[in-house]
Amino acid sequence: MRLLFQLCFALSFLLSFTWCGSEQKMKNENSDGGGEDKGLLLYRQLFQARRQDHMEAINNILALQDYEKQYKLVSLVYEKLFEVLTEAKAALQQTNYIPGEKFPTEETTRDALSSVLENTAFFGEILLRLPDISHDIYVKRKEWKDILAWAVLFAQQTRVFEGVHATFLHLVAQELNIVERGPDYQNPYKMESKLTFQGSEPVKPKKKEKKTDRKSVV
C-alpha cells in the first residue's frame with residue numbers, strides 16, 4: 001500500500017503543468033511587446049517551483065531504503081515519463097515550435113513544451129541520485145535513448161535552464177554520454193562507497209582486517 005502511494009505521488013509530477021491563473025498573465029505580458037520575453041521570465045519562476053516539487057517526490061523514493069522497492073518504483077515512473085515525453089515531442093513537432101523562440105502562449109504548444117522541460121528535469125534528478133538503478137533500467141530500452149537525447153538537447157536550447165539549472169542539465173547530458181564527459185566529470189550525488197545488494201537488503205563490503213605482528217613472550 002505504501003509503495004502504491006509513493007507511485008501515485010511520483011507519477012503526479014508527470015502530468016502537464018497546471019498553469020492556473022498564470023496562463024492569462026503570460027498572454028498579457030507577452031502581448032506588451034518589447035524585446036524582453038516576459039513569458040519566459042514567468043515560466044522560469046514556475047519551473048523553479050516545479051523542481052522543488054520534483055525533489056519532494058525523489059526524497060520519498062530515497063526514503064524507501066529498500067532496493068527492490070526503489071527499483072520497481074523508478075521503473076514504473078520511467079515508463080510513464082517516457083510515454084509523456086514521446087507524446088509531447090510529437091505535439092511540438094506538429095506545431096513547428098523551435099527551441100529558443102519566444103515562449104509560447106498557445107495552450108497546446110505551451111503544455112507540450114513544459115512537459116518536455118519538466119519531465120527531462122525529473123528524469124535527470126532521479127538519474128543522478130539513483131544512477132545504478134537508472135542505468136540498469138535505461139540501458140534495456142534502446143528507444144528511450146533517442147527520445148531523451150532529443151529532450152536534453154532541446155531543453156538546452158530553450159533558455160529555460162540557466163545558472164544552476166543549466167549546470168544540472170549538462171551533468172545529465174554527461175552522465176548519459178549524450179555529450180562527451182569532461183576530464184574531471186563525476187556525478188556529485190553518487191555515493192563514494194557503493195553498497196551491494198542481496199535481495200532487498202544492502203550489504204556493506206567487508207573491511208579487510210589488518211594483520212598485527214605478535215611478539216613472542218619469552
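Before moving on, here are some points about what is shown:
- Filtered by the rule that a residue be of a type in the set (D, E, K, R) and either under 13 Å from the mean Cα position of the chain (by Cα) or more than 18 Å from Lys72 (Cβ to Cβ) (or both), the stretch 114-147 gives Glu118, Glu125, Arg129, Lys142, Glu143, Lys145, Asp146.
A quick yes/no check of all residues on (1) in contact (Cβ under 8 Å) with a residue 60 or more places away in the chain; (2) more than 20 Å from Val179 (Cα to Cα):
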site	(1), (2)
Lys89	yes, yes
Gln94	no, yes
Lys102	yes, yes
Gly124	no, no
Lys145	no, no
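- Exclusive hit being aromatic (Phe, Trp, Tyr) and open to solvent by less than 10 Å² (accessible area, probe 1.4 Å), set Phe161, Phe82, Phe154: Phe82
- Here Ile98 fits the description: loosely packed, with under 14 Cβ neighbours inside 10 Å and among the β-branched types (Val, Ile, Thr).
- Of the candidates Ala149, Ala166, Ala112, the single residue that is on the phi < 0 side of the Ramachandran plot, among the aliphatic types (A, V, I, L, M) and either without any contact (Cβ under 8 Å) to a residue 24 or more places away in the chain or assigned to a loop (DSSP other than H, G, I, E, B) (or both) is Ala166.
- Residue ID - farthest from the chain's Cα centre (by Cα), chosen from residues in the stretch 55-111 that are small (Gly, Ala, Ser) and within 17 Å of Val152 (Cβ to Cβ): Gly100
- Search result, residues across the stretch 78-102 that are under 17 Å from Ala151 (Cα atoms) and either β-branched (Val, Ile, Thr) or not in a helix (DSSP H, G or I) (or both): Val84, Thr86, Thr95, Asn96, Tyr97, Ile98, Pro99, Gly100, Glu101
- Here the condition is being in contact with a Phe, Trp or Tyr (Cβ under 9 Å, 6 or more places away or on another chain), modelled with pLDDT of 80 or more, surrounded by 10 or more Cβ atoms within 10 Å (Cβ to Cβ) and not hydrophobic (A, V, I, L, M, F, W, C); of Glu201, Glu175, it holds for Glu175 alone.
- Matching entry among Ser75, Ser134 (being in a helix (DSSP H, G or I) and within 21 Å of Thr167 (Cβ to Cβ)): Ser134
- Conditions (1) open to solvent by less than 50 Å² (accessible area, probe 1.4 Å); (2) at pLDDT below 90: number failed by Phe47: (2)
- Filtered residues of the stretch 101-115 (kept if open to solvent by less than 50 Å² (accessible area, probe 1.4 Å), among the β-branched types (Val, Ile, Thr) and more than 14 Å from Lys38 (Cβ to Cβ)): Thr109
The values are calculated or read from the model by the stated rules, or taken from the named source; none is laboratory data. Because the structure is predicted, anything quoted here is derived from the model rather than measured. Here Cβ is always computed from backbone atoms with ideal geometry, including for glycine, and neighbour counts include all displayed protein chains. What goes into the accessible areas is simple: the full protein's heavy atoms, side chains included, and nothing from ligands, DNA or RNA. Shrake-Rupley method; radii C 1.70, N 1.55, O 1.52, S 1.80 Å.
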